[in-house]
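Novice: One structure follows; several queries about it will come next.
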Amino acid sequence: MSSTFVPDRWIPGERLTGRLPATEQTLADGELAAPLVGVLALQGDVLEHLRALRRVGARAVQVKTAAQLAEVDALVLPGGESTTIGKLLVRFELLAPLQARIADGLPVLATCAGMILLSDELDQVEPQPLVGGLHVRTRRNAFGRQLDSFDTRLEVVGIDGGPMDVAFIRAPRVEEILADDVEVLASVDGYPVVVRQGLLWAAAFHPEVTGDDRLHAAFVATVRGA
Ligand code: GLN
């Protein structure tokens with residue numbers, strides 16, 4: 001193990017290449033630091049998001065603690081299982097700090113279970129911990145069992161270069177927009193599946209598994225401009 005090894009930033013399964021972690025790289029004079037984007041790393045598709053963010057020029061780190069959350073310029077809430085991630089947010093004492101940072105303007109890209117967690121309301125009776133902040137009511141597992149998972153090509157407003165290749169995996173959808181500042185960027189069957197409320201972006205699909213990095217690129221571009 002070299003002296004530059006930083007355990008918190010080691011990604012399970014990723015080969016150590018001998019390069020310094022992105023956050024340790026030094027910048028040439030006048031070079032603007034790439035934004036530091038965290039990926040909430042309690043459960044779900046963490047590694048794929050870290051790789052996509054790095055491919056589009058961001059520095060990307062896992063976030064598991066409030067101290068790590070305090071360092072990042074933006075955050076990805078990955079897909080996975082929203083009930084599990086919500087419970088772990090409570091157990092790791094991250095829920096309140098995350099809500100505070102979002103209230104303070106933290107840019108967030110939330111995908112699938114992340115979109116569920118970022119929603120202000122859910123279309124279900126059973127309670128589950130939510131981060132909230134995005135003024136929508138969301139329905140979990142909205143596409144029915146027969147369509148639990150499907151790949152599709154989806155036109156997304158503001159994403160140039162033709163439809164995106166995306167994977168819907170037991171995906172949610174937005175049932176109702178609760179405020180005027182929420183823009184719908186894409187819909188399936190008339191229901192919003194990509195929405196944006198200022199610096200809060202949410203997509204019902206998994207953009208990180210198809211190699212189509214354009215949503216990550218658009219998000220990182222807004223973080224750079226924020
Ligand atoms: N169905 C999951 C949930 O309710 C989300 C699925 C996913 O993130 N791929 O949390």
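Novice: If you check every pair at least six apart or on different chains, which have Cβ atoms under 7 Å apart with a residue in segment 43-69 that is more than 15 Å from Leu215 (Cα to Cα) first and a residue that is within 16 Å of the ligand (Cβ to nearest atom) and assigned to a helix (DSSP H, G or I) second?
Specialist: Taking only residues 6 or more apart or on different chains, the pairs are Gln43/Thr84; Gln43/Ile85; Gln43/Leu88; Gly44/Ile85; Gly44/Ala113; Gln62/Val46.
Novice: I'd like the full set of residues that are crowded, with 19+ Cβ neighbours inside 10 Å and assigned to a helix (DSSP H, G or I), limited to segment 118-146.
Specialist: Leu118
Novice: List the pairs whose first member sits in segment 112-124 and is under 9 Å from Thr138 (Cβ atoms), whose second member is within 8 Å of the ligand (Cβ to nearest atom), and whose Cβ atoms are under 7 Å apart, counting only residues at least 6 apart or on separate chains?
Specialist: Met115/Pro172; Ile116/Ser82; Ile116/Arg140; Ile116/Pro172; Leu122/Ile116; Leu122/Arg140
Novice: When you look at Phe150, is it outside any helix (DSSP H, G or I) and surrounded by 15 or more Cβ atoms within 10 Å (Cβ to Cβ), yes or no?
Specialist: In short, no.
Novice: Does Leu118 qualify as being of a type in the set (A, V, I, L, M) and over 26 Å from Ala226 (Cα atoms)?
Specialist: Here the answer is no, as Leu118 does not meet what is asked.
Novice: May I pose another question? With the checklist (1) touching a Ser or Thr at 6+ places or on another chain (Cβ under 6 Å); (2) surrounded by fewer than 16 Cβ atoms within 10 Å (Cβ to Cβ); (3) not aliphatic (A, V, I, L, M) in hand, flag the one item Gly198 doesn't pass.
Specialist: (1)
Novice: Then there's this: Does segment 78-96 contain any residue that is surrounded by 16 or more Cβ atoms within 10 Å (Cβ to Cβ), of a type outside the set (Val, Ile, Thr) and closer than 18 Å to Gly198 by Cβ?
Specialist: Looking for residues that are surrounded by 16 or more Cβ atoms within 10 Å (Cβ to Cβ), of a type outside the set (Val, Ile, Thr) and closer than 18 Å to Gly198 by Cβ, one finds none in segment 78-96, hence no.
Novice: Same structure, new question: For segment 161-177, which residues satisfy the criterion of being out of contact with any Phe, Trp or Tyr (no Cβ under 9 Å at 6 or more places or on another chain) and surrounded by 16 or more Cβ atoms within 10 Å (Cβ to Cβ)?
Specialist: Asp165, Ile177
Novice: Suppose we filter segment 123-164 for residues that are within 15 Å of Leu77 (Cβ to Cβ), within 14 Å of the ligand (Cβ to nearest atom) and among the aliphatic types (A, V, I, L, M); how many remain?
Specialist: 2
Novice: Quick one: which of Glu121, Glu126, Glu81 is in contact with a helix residue (DSSP H, G or I) (Cβ under 8 Å, 6 or more places away or on another chain) and among the charged types (D, E, K, R)?
Specialist: Answer to the check: Glu81.
Novice: Looking only at segment 59-117, count how many residues are closer than 20 Å to Trp201 by Cβ, within 16 Å of the ligand (Cβ to nearest atom) and either part of a loop (DSSP other than H, G, I, E, B) or of a type in the set (Gly, Ala, Ser) (or both).
Specialist: The total comes to 9.
Novice: If you check Leu109 against the conditions, is it closer than 23 Å to Arg224 by Cβ and at pLDDT 95 or above?
Specialist: Answer is yes for this residue.
The values are calculated or read from the model by the stated rules, or taken from the named source; none is laboratory data. Since this is a predicted model, take the numbers as computed values, not measurements. A quick note on method: Cβ atoms are made from the backbone with ideal geometry, for glycine too, and the neighbour counts reach across all protein chains shown.
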